[in-house]
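Colleague: Let me begin by handing over the structure; questions about it come next.
The values are calculated or read from the model by the stated rules, or taken from the named source; none is laboratory data. Computed from a prediction, not measured in an experiment: that's the story for all the values here. For neighbour counting, all protein chains shown are included, and Cβ atoms are generated from backbone atoms with ideal geometry for every residue, glycine included. Note: accessible area is taken over every heavy atom of the protein model, side chains too, but ligands, DNA and RNA are not part of it. Shrake-Rupley method; radii C 1.70, N 1.55, O 1.52, S 1.80 Å.
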Amino acid sequence: RDLKLLHAPIMPTFLYAHVVSPHIPFIFRADGSPTISSGNGTSHPGEDYVEQARFIGENIIEIVANLRHRDPGAVIIVQGDHGMEDWWVSPYSSYGWKRPPQNFVDTRFRILSGIFTPPGIVIPEHDTPVNLFRYLCNAIFDSKLEVLPDKAFHTHFREPYNFYDVTSNLKNMRSISQ
């Protein structure tokens, strides 16, 4: 709610806002009203996720529109930390830690990434967000930062130091650009 009141700063500003939602618990319906079960969602997590994502999405769209109106030259990034997962199917126990299954990668690694830049700043198409700030800093500040390999890894909290390269699994994902 406070982000809706945000005014365009007088000088260049880096603002990071972490919106925890639509993570569990799903407490909002699409209209912003609370869920019936006082915070734990219903027995339909997929439906609850969609309801809460709609609520959050509409608010984020309003915030971005306000920021763009106040400062048309602003760089605005709206990005998820991960995609949806089928947590109610227990994906963590459904594979033997050699490699996550493709359906898990397809949902978990398909993240929201919306980027608004002023004219003249172009961010190349990419599969992962690893270089996003490098591209921006190079374009805006002529930083000459090295672009890293466009790779994605998966790990699990039970084996936090075992990283599985899932980059080749991402190649089938399409981005939607405008």
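Colleague: Within segment 42-60, how many residues are modelled with pLDDT under 80, more than 16 Å from residue 83 (Cβ to Cβ) and in a helix (DSSP H, G or I)? Break it down into steps so the answer makes sense when it comes.
Modeller: Residues of segment 42-60 that are modelled with pLDDT under 80, as a first pass: 42-46.
Of the ones still in play, those that are also more than 16 Å from residue 83 (Cβ to Cβ) are 42-44.
Narrowing the set further to residues that are in a helix (DSSP H, G or I) leaves none.
Residues flagged as modelled with pLDDT under 80, more than 16 Å from residue 83 (Cβ to Cβ) and in a helix (DSSP H, G or I) within segment 42-60 amount to 0.
Colleague: Restricting segment 132-161 to residues that are outside any helix (DSSP H, G or I) and among the small types (Gly, Ala, Ser), which is surrounded by the fewest Cβ atoms within 10 Å (Cβ to Cβ)? Lay out the reasoning, then the answer.
Modeller: Within segment 132-161, the subset outside any helix (DSSP H, G or I) is 142-161.
Checking which are among the small types (Gly, Ala, Ser) leaves us with 143, 152.
Details: 143: 13, 152: 19.
Ranking the qualifying residues of segment 132-161, first place goes to 143.
Colleague: Would a scan of segment 78-95 turn up a residue that is of a type in the set (Val, Ile, Thr) and modelled with pLDDT of 80 or more? I'd like the intermediate steps shown before the answer.
Modeller: Pass one, segment 78-95, residues of a type in the set (Val, Ile, Thr): 78, 89.
If we keep only those that are modelled with pLDDT of 80 or more as well, we get 78.
Yes.
Colleague: Could you tell me whether any residue of segment 124-131 is without any contact (Cβ under 8 Å) to a residue 24 or more places away in the chain, in contact with a strand residue (DSSP E or B) (Cβ under 9 Å, 6 or more places away or on another chain) and open to solvent by 50 Å² or more (accessible area, probe 1.4 Å)? Outline the logic, then answer.
Modeller: Step one: filter segment 124-131 for residues without any contact (Cβ under 8 Å) to a residue 24 or more places away in the chain, giving 124, 130-131.
Those still in the list that are in contact with a strand residue (DSSP E or B) (Cβ under 9 Å, 6 or more places away or on another chain) too: none.
No: zero hits.
Colleague: In segment 162-178, which residues are open to solvent by less than 60 Å² (accessible area, probe 1.4 Å) and either assigned to a strand (DSSP E or B) or modelled with pLDDT of 85 or more (or both)?
Modeller: Selection gives 164, 165, 166, 167.
Colleague: Looking only at segment 21-41, which residues are hydrophobic (A, V, I, L, M, F, W, C), assigned to a loop (DSSP other than H, G, I, E, B) and modelled with pLDDT of 80 or more? Explain how you work it out, then say what you get.
Modeller: Of the residues in segment 21-41, the ones hydrophobic (A, V, I, L, M, F, W, C) are 24, 26-28, 30, 36.
From what is left, the residues that are assigned to a loop (DSSP other than H, G, I, E, B) are 24, 26-27, 30, 36.
Matches in segment 21-41: 26, 27, 30.
Colleague: Restricting to segment 64-81, name every residue that is part of a helix (DSSP H, G or I) and out of contact with any strand residue (DSSP E or B) (no Cβ under 9 Å at 6 or more places or on another chain).
Modeller: Within segment 64-81, 65, 66, 69, 70 meet the criteria.
Colleague: Also: I need a count of the residues in segment 112-123 that are of a type in the set (A, V, I, L, M) and either touching a Ser or Thr at 6+ places or on another chain (Cβ under 9 Å) or modelled with pLDDT under 80 (or both). Even if it seems obvious, please write down each step before you answer.
Modeller: Initial filter on segment 112-123 (of a type in the set (A, V, I, L, M)): 112, 115, 121-123.
If we keep only those that are either touching a Ser or Thr at 6+ places or on another chain (Cβ under 9 Å) or modelled with pLDDT under 80 (or both) as well, we get 123.
Adding up the residues that qualify gives 1.
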